[in-house]
Each structure stands twice: as C-alpha cells, then as structure tokens.
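Worksheet: the structure to be examined is printed underneath.
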Amino acid sequence: MSGYHQTRFAEDQRRDVLWKTLCDAYFQRHVRESDAVLDLGCGYGSFINNIRCASKVAMDQWSGAPQHLKPDVKAHVGDITDLSPIPDRSVDFVFSSNVFEHLTRPDFARCLTEVKRVLRSGGTLNIVQPNYRFCYDEYFDDYTHVSIFSDRSLCDALEAEGFRVLECIPRFLPLTIKSRLPVSPLLIRTYLALPFKPMGKQMLVRAQLATP
C-alpha cells in the first residue's frame, strides 16, 4: 500500500463533490437523523463527512485518514476485519465504498461477521463498488484489487453469510471520477434519475440481517 494515496487514490476535490451530492440525493433517505453510521475503509471521509446522523464512526487502515475527517467523526485506524473498538449492536447503517474488492475472501467473511455483530436490529449494510460484469477490462488496473465481485456474486455471498438483500442496482455509478466529464451536482442528480445509466460500472447493494 506504500504510495497508494499519492498515486492510485490521490486526494481529489471532485470526490467530495460527488459524495456530498450522493448523500443528499440518495443515501440520506436511508439514514435517520438519530442513526449511528459506520464507514468502513473511509479513505478521505467523503461519505461520512457529508451524511447527517446522530453518531459517526469511521475506520481505515490508512494512518492518514483521521486528518481528513470532520470533528464529529470518531476515527479508528485499523483493519476492518476487526471492529473490536465498536460495541455490539451499536450501529444502524454500515457503509462501504470500493473496499471489499481489496480483501481476500476469508477477510471479507471475517469483516461480515464483525458487521453482523455491530449492527442493531433493522440496521443495514450498504455497499458501493466496481461490478466486474461491466468493468472486467479495467478491474485490475487498480493493483490492490484481489477479489472479484459482480452484482450476482456479491448478493449470493451476502445471503450465504446471513444477510437479506434489500436492493441491488447493478449499474449505480460510473467507475471513476477520472474522466473528461465535469463532476457537478446537477449532472450527478441527473445521472441518478436516468432509467438506464450509460457507463454505469459500479453497483449498489443494500442488505439487512436475515435474522436480526
């Protein structure tokens, strides 16, 4: 991972524009003002900094992550396969963006076990990440990707681990902000409203414990 945040995942103001708009236009409807939200692999904090809720927790193995988080976010530096700093049944909304493809399958299973422990009854796991079915020729351009997930395999994996899939959008977002197209709130909101999403290569999957 040395140098990853200076090369492949460098800080980019467009990412903040994207996630602020996504929070306002989509995710906020699933998060109550009274909820506790956990961001797994928070990176620069673009999601957790912009969602509105009562309690915010973020975890990332990158030691530089806390300096990008707002004061109302409780930061933990560590591996997301070990959520021991977070109490049982204390989280309503778990979020993960572009993270699970970086984990081995055993680590993915360990992370889900921890997520099940910290989720409250009725809480949800919300995942955004590349959909291999639509970006197979670009998937491994990121040299830290180790596992392949499509919308089909991810849903099956979640159900095998005791989750019930609430929503699956195979084409939710383009793969990257690194394009010639401008990143603007108006264009993002327009894109989310389209019935068919051109260049949609990232999926969204929302799931809940099958037996809370």
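Results for (1) among the charged types (D, E, K, R); (2) at pLDDT below 95; (3) in contact with a helix residue (DSSP H, G or I) (Cβ under 8 Å, 6 or more places away or on another chain), shown as yes or no for each residue.
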position: GLY41; (1), (2), (3): no, yes, yes
position: ALA54; (1), (2), (3): no, no, no
position: LEU69; (1), (2), (3): no, no, no
position: THR81; (1), (2), (3): no, no, yes
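Annotation: THR190 fulfils all but one of (1) surrounded by 15 or more Cβ atoms within 10 Å (Cβ to Cβ); (2) among the β-branched types (Val, Ile, Thr); (3) more than 16 Å from the chain's Cα centre (by Cα); the unmet one is (1).
Checking each residue in region 84-128 for being touching a His at 6+ places or on another chain (Cβ under 8 Å) and within 16 Å of TYR139 (Cβ to Cβ) picks out GLU101, HIS102. Taking ASP39, is it surrounded by 16 or more Cβ atoms within 10 Å (Cβ to Cβ), over 30 Å from MET199 (Cβ atoms) and in contact (Cβ under 8 Å) with a residue 12 or more places away in the chain? The answer is no for ASP39. Against the numbered list (1) within 21 Å of GLY123 (Cβ to Cβ); (2) more than 16 Å from the chain's Cα centre (by Cα); (3) surrounded by 14 or more Cβ atoms within 10 Å (Cβ to Cβ), PRO66 comes up short only at (1). For region 167-194, a residue qualifies if it is modelled with pLDDT of 90 or more and assigned to a loop (DSSP other than H, G, I, E, B), and exactly one does: LEU194.
Is at least one residue of region 140-151 touching a strand residue (DSSP E or B) at 6+ places or on another chain (Cβ under 6 Å) and either closer than 30 Å to GLY3 by Cβ or part of a helix (DSSP H, G or I) (or both)?
yes
The values are calculated or read from the model by the stated rules, or taken from the named source; none is laboratory data. The shown structure was predicted, so the numbers you read here are calculated from the model rather than taken from an experiment. Using ideal geometry, Cβ is built from the backbone for each residue, glycine included, and neighbour counts are taken over all protein chains shown.
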